[in-house]
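For reference, the structure discussed in these notes is given below.
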Amino acid sequence: MIALVAAALLAGQPACVAPPGAGQLLDQPQRIIVVGETHGTVEAPAAFLGLVCEAARQGPVTVGLEMPESDQALLDFVMEATDEATATRILRGGDFGDPRRNDGRHSQAMFDMILGLWRLKAAGHDIALRPFAPRMSFIRGRSQGWWELEMAYRMSRPLVDRPDARLLILVGDLHARKLGYGDRHGIGLPAAGHLHGPDTLTLHFAQQGGRSWSCQPDCGAQETFVAYDAAVRGVILEPVDGGAFDGVLAVGPTTASPPAGLQPSPISDGSSS
């Protein structure tokens, strides 16, 4: 493994650390791959970055992120930065620099993942970022079900804007489910269920214990439950929960990742190494 990483660095390419089974996943014909996650972990964004890295070797990739749609301009500036120090400064100038953004979607691990995506583009890969979370709904008194529908619409737009790119989406596990929850919490059909079924493959984030950062109500590292063999690793393609998901992403017991805004800003020497 060390030799592979060293070879990638010498070749000027970011080192991919994709989860086992990534190749089989990317061999599937579906253009849309929705990866569920538990917010506020170190491992989920890292595994997703590895999947994107592998996909980018095959062709153009659009990355859908559960971040406010109003962040599009910020993410464009990040990806267009000429060096990593500039990309870091721009990214920290948005919500990632705000310690109040503590729901896990602006964690240090997500911050690091986006910089990893910048490195892939800087290395010559065709990658674009598309945030899809509605900043606000125009439907007053809406239920969660309306939010899911709006989110799905924004998830799907890159298929029009970048028709030749594969679409990889990272989203909370609840929204990655294809089948409905009935009347549970007014969710109805989750966002992934509104996408074109034959062209969509979804992965459930396996609950294997460990910790995640969340506020329940106190903010901090929270214990997560175990519902899947903690020893299993990688992408396992098999129907889950009656077809609600097409497979599982298993990263093992997770580590909590606090908000990036709580971390001290590094003093950079301006290099992109």
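The values are calculated or read from the model by the stated rules, or taken from the named source; none is laboratory data. As the structure is a computational prediction, the values presented were derived from the model and not from experiment. Cβ atoms come from the backbone with ideal geometry, glycine included; neighbour counts cover every protein chain shown. Calculation scope for accessible area: heavy atoms of the full protein, side chains included, ligands and nucleic acids excluded. Shrake-Rupley method; radii C 1.70, N 1.55, O 1.52, S 1.80 Å.
Odds and ends about this structure:
- Number of positions in the stretch 111-144 that are open to solvent by 20 Å² or more (accessible area, probe 1.4 Å) and at pLDDT 85 or above: 9
- Number of the exception - SER70 against (1) surrounded by 15 or more Cβ atoms within 10 Å (Cβ to Cβ); (2) at pLDDT below 95; (3) among the small types (Gly, Ala, Ser): (1)
- Filtering the stretch 222-239 for residues that are more than 22 Å from GLN58 (Cβ to Cβ), touching a His at 6+ places or on another chain (Cβ under 6 Å) and in contact (Cβ under 8 Å) with a residue 12 or more places away in the chain leaves an empty set.
- Residue within the stretch 80-103 that is out of contact with any Leu (no Cβ under 7 Å at 6 or more places or on another chain) and within 27 Å of PRO163 (Cβ to Cβ) present: yes
- In the stretch 91-108, of all residues being touching a helix residue (DSSP H, G or I) at 6+ places or on another chain (Cβ under 6 Å) and either among the basic types (Lys, Arg) or in a loop (DSSP other than H, G, I, E, B) (or both), the one that is most open to solvent (accessible area, probe 1.4 Å) corresponds to ARG101.
- Looking only at the stretch 170-187, and only at residues there that are farther than 12 Å from MET151 by Cβ, open to solvent by less than 40 Å² (accessible area, probe 1.4 Å) and of a type in the set (Gly, Ala, Ser), the one that is modelled with the lowest pLDDT: GLY186
To keep it simple, each residue is scored yes or no on (1) within 14 Å of the chain's Cα centre (by Cα); (2) modelled with pLDDT of 95 or more; (3) among the acidic types (Asp, Glu); (4) closer than 18 Å to PRO253 by Cβ.
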| site | (1), (2), (3), (4) |
| --- | --- |
| PRO20 | no, yes, no, yes |
| GLN24 | no, yes, no, no |
| GLN30 | no, yes, no, no |
| THR41 | yes, yes, no, yes |
| PRO45 | yes, yes, no, yes |
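- Considering only residues in the stretch 225-258 that are in contact with an Asp or Glu (Cβ under 7 Å, 6 or more places away or on another chain) and part of a strand (DSSP E or B), the one that is surrounded by the fewest Cβ atoms within 10 Å (Cβ to Cβ) turns out to be PRO239.
- The single condition from (1) open to solvent by 30 Å² or more (accessible area, probe 1.4 Å); (2) touching a Leu at 6+ places or on another chain (Cβ under 8 Å) that TRP147 fails is (2).
- Residue check for SER214: part of a strand (DSSP E or B), within 28 Å of ASP98 (Cβ to Cβ) and either basic (Lys, Arg) or modelled with pLDDT under 95 (or both): yes
- Selection status of ALA87, hydrophobic (A, V, I, L, M, F, W, C), at pLDDT 95 or above, outside any strand (DSSP E or B) and surrounded by 15 or more Cβ atoms within 10 Å (Cβ to Cβ): yes
- The lone exception for GLN222 - which of (1) open to solvent by less than 10 Å² (accessible area, probe 1.4 Å); (2) under 15 Å from HIS39 (Cβ atoms) it fails: (1)
- Checking each residue in the stretch 73-84 for being open to solvent by less than 20 Å² (accessible area, probe 1.4 Å) and either part of a strand (DSSP E or B) or under 18 Å from PHE132 (Cβ atoms) (or both) picks out LEU75, VAL78, MET79.
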